[in-house]
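This report concerns only the one structure given below.
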Amino acid sequence: MKIVIPAYQPGVKLLQLITEIKQSCQLELVIVDDGSGVNYLPIFVEAEKLGSKVLHHPMNLGKGAALKTGFQYLLAMGEKEGVVCADCDGQHSVEDIMKIAVETLLSNKTVVLGIRQFNSNVPLRSRLGNSITAKIFTICAGYQLQDTQTGLRGYQAAMLPWLCQLPGERYEYELNILLQLKLAGYAVKEIAIKTIYEQGNKNSHFRTLIDSFRVYLAFLKFTFSSILSGLLDFGLLLFFASRFTELLPAVVFARLISASFNYTVNKYYVFGGLQKKRTSIVKYVLLVLVIMLLNYVFLETLVLTGISLVVAKLLTETLLFMLSYLAQKKLVFIK
């Protein structure tokens, strides 16, 4: 079992953590210097003196890239047990790191998460950020987690190849792991840990606006893609509805054209799916047929109640938006 700690411009707390780990257990440490610069080299030199393996990035590549560098190193070294990932800023106690390590060793095909307790002592930006992310995560992933941004995690050695091929170079990488783990056949286990914040967590390198945007990017891209496709479908529906006496052919023609546009955008720019094109097309066509049927049923029902076609279309697309997102993410464009 190894401990991987990504570190960007760390303070003396990293050395304190290494010392405490060395005094408490026999776990080996792999520290990844994520381009911290020459001013921080003495800290990494001292980390090596304390018995840690230190890997260096020539420039700052992001937390996700640093974690993958650590995972790739462990793969190359033939790691057989697993890895615990921890942060370098003193937010994880040695006791909790050991707790996650033990649970990881006892588990099988399970990602073990150290879950923080977000009480009034936690900085507002951390409480708010975790709350918003947790709600969006539940919508996107289809299951609930108490803490989606925890950096204290345990993975079995067999997961390392999977971890190395997941997308994301910065903070979004850890969220991508949680979004994809159930699709990859892994379970998740949450273990309560201490919540440690000092001086308002000012040592954190998480940039609230930029990194939050990266974390939410997949969902935002899908939303934008859906809006464009929806506008196209809306315009085509009104056009074909003026040409046909029945609603069904107008719905079919509008949906076929807008769905072709939506498939192309989602495959290459939203999900970046790695499935073979033929497989994803077949699944997407089936999904389109289901969505089209539901679209027609909802539209016809609402119009028959006296609601205008424009309002009925807006209500229908709103109802079908999340169904389409979850189906595409979980079934069509699987990574």
Compactness summary of region 6-45: radius of gyration and Dmax from Cα atoms, Å, are 10.6, 31
Accessible-area order for 153, 255, largest to smallest, probe 1.4 angstrom, reads 255, 153
Ordering 24, 131 by the accessible surface of their heavy atoms, 1.4 Å probe, largest first, yields 24, 131
With all protein chains in place and a 1.4 Å probe, residue 49 shows an accessible area in Å² (nearest 10) of 150
Under a 1.4 Å probe, counting only protein heavy atoms, residue 44 has an accessible area in Å², nearest 10, of 0
Given backbone amide H placed at 1.01 Å from N, residues whose amide H is under 5 Å from that of residue 54, ignoring those fewer than 5 places away on the same chain, are 31
Residues whose built amide H sits under 5 Å from the amide H of residue 4, excluding neighbours closer than 5 in sequence, are 30, 84, 85, 86
Taking a probe of 1.4 Å and leaving out DNA, RNA and ligands, region 25-103 shows per residue an accessible area in Å² of 44
Links exceeding 24 Å between C-alpha atoms in this model, out of 2/63; 13/63; 13/53; 135/283; 135/182; 13/109, come to 135/283; 13/109
Once all protein chains are kept in place, residue 171 shows an accessible area at probe 1.4 Å, nearest 10 Å², of 60
Long-range amide H partners of residue 115, meaning residues 5 or more apart or on another chain whose placed amide H is closer than 5 Å, are 191, 192, 193
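The values are calculated or read from the model by the stated rules, or taken from the named source; none is laboratory data. Since we're looking at a predicted model, the values are computed, not measured. Please note that ligands, DNA and RNA were not included when accessible areas were found on the heavy atoms of the full protein model with its side chains. Shrake-Rupley method; radii C 1.70, N 1.55, O 1.52, S 1.80 Å.
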